[in-house]
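Worksheet: the structure to be examined is printed underneath.
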Ligand code: GLY
């Protein structure tokens, strides 16, 4: 079987490649986004997602400085890190895993589309293993949910490593979610996993059910499946 060697392009290299493909850099601001920003500034920069900073982010627009980190944070405090405003109605992270006809695996994740994020926020999407992860000999996984929490657990890497040890995609995705909710019981999110045989599964938490779409040789068209959440 012919296998491809993959190269990950980031930063300037990615921009250069996109330019070669014909994409032009453009200003994505619109009248609507400028107006949203103005209103947000007038409301004392609310909502904002700063935590453990001074001055109080609920009262002031900053600039902020880190508060000394509390040494023994309990589960309740950790759980409060999770942004409770995230839900299936107000954001969408799109994760995708593809196994091609030669058996090569690729994965990718969009950002979540939330507005008013902290400048420079990274989140899970661009972190290999957090947003998505693939291993050509095993399969791939992609995650969705609160990226500030997920980037601490590498749930996609977790799911792929579970599959490597013989777990089914459903068990692997479930175990990845369990490792998060042990510390963040209010976590809202999901993990989707696919192995190189094309078996797939998902697990989720904090919502009732999680829909995912699949297109394979077994299905003539895209099929939407749904899993009940933990
Ligand atoms: N899961 C995407 C994000 O939080 O940015």
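Some observations on this one:
- Contact order normalised by residue count of segment 108-230, Cα under 8 Å, 6+ apart, percent: 19 percent
- Taking every alpha-carbon pair under 8 Å whose residues sit at least 6 apart, segment 88-148 reaches a relative contact order of 37 percent.
- Between residue 46 and residue 31, the simple label model (points 7 Å from Cα in the Cβ direction) yields a spacing of 2.9 nm.
- Virtual spin-label span in nm between residue 213 and residue 98, 7 Å along Cα→Cβ: 1.4 nm
- Relative contact order (percent, whole number), segment 174-230, Cα cutoff 8 Å, 6+ residue spacing: 28 percent
- Cut-off 14 Å, label 7 Å out along Cα→Cβ of residue 152, residues of segment 171-187 by amide N: 179-187
- Spin-label pair residue 225/residue 106, simplified geometry with 7 Å Cα→Cβ offset, distance in nm: 2.2 nm
No value in this document is a laboratory result; all are computed from the given coordinates. Because the structure is a prediction, the values reported are computed rather than measured. A quick note on method: Cβ atoms are made from the backbone with ideal geometry, for glycine too, and the neighbour counts reach across all protein chains shown.
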